[in-house]
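K.L.:
Before anything else, here's the structure in question.
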Amino acid sequence: MTEEQNIPGGDFRLFAQKLATQGFYALGLFEIPGMDKPEPNLQVCQSVIDDLMMIREKTEGNLDDAEKLTLDKFVSDLQFQYLEVQKKLEASAS
């Protein structure tokens, strides 16, 4: 990476997205080019969900509407996808 590249920081919604991306990756929902597709890891995803929920609790009343909506959306999307992956894993184990 060169010094000329600007890596954004300090944006709450981008921060929440970075965390949520870890959860989606842990569920095996996307791949990183050049790497093998990860096996789902429900524990890692649950940890990310817990972290996002903690952030939501600790920032209550301090977020603007867009930030709150973004955080809520990531939590609910991760929870839904977690349950879907969990069902698939349980079905394949049977």
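K.L.:
Residue by residue through the stretch 10-48, note down the ones that are without any contact (Cβ under 8 Å) to a residue 24 or more places away in the chain and either open to solvent by less than 50 Å² (accessible area, probe 1.4 Å) or in contact with a His (Cβ under 7 Å, 6 or more places away or on another chain) (or both).
P.N.:
Answer for the stretch 10-48, where residues must be without any contact (Cβ under 8 Å) to a residue 24 or more places away in the chain and either open to solvent by less than 50 Å² (accessible area, probe 1.4 Å) or in contact with a His (Cβ under 7 Å, 6 or more places away or on another chain) (or both): Leu14, Ala26, Pro38.
K.L.:
Collect the residues in the stretch 49-66 that are in a helix (DSSP H, G or I) and either open to solvent by 100 Å² or more (accessible area, probe 1.4 Å) or in contact with a Ser or Thr (Cβ under 9 Å, 6 or more places away or on another chain) (or both), keeping them in residue-number order.
P.N.:
Selection gives Glu57, Lys58, Asp65.
K.L.:
Regarding the stretch 9-21, can at least one residue be identified that is more than 15 Å from the chain's Cα centre (by Cα) and aliphatic (A, V, I, L, M)?
P.N.:
The answer is no, given that none of the residues of the stretch 9-21 is more than 15 Å from the chain's Cα centre (by Cα) and aliphatic (A, V, I, L, M).
K.L.:
Now, a different point. Going through the stretch 25-44 one residue at a time, which ones are in a loop (DSSP other than H, G, I, E, B) and of a type in the set (S, T, N, Q)?
P.N.:
Within the stretch 25-44, Asn41 is the sole residue that qualifies.
The values are calculated or read from the model by the stated rules, or taken from the named source; none is laboratory data. Here the structure is a predicted model, which means the values were calculated and not measured. Every residue, glycine among them, receives a Cβ derived from its backbone with ideal geometry; neighbour counts consider all protein chains shown. Note: areas computed on protein heavy atoms with side chains; ligands, DNA, RNA excluded. Shrake-Rupley method; radii C 1.70, N 1.55, O 1.52, S 1.80 Å.
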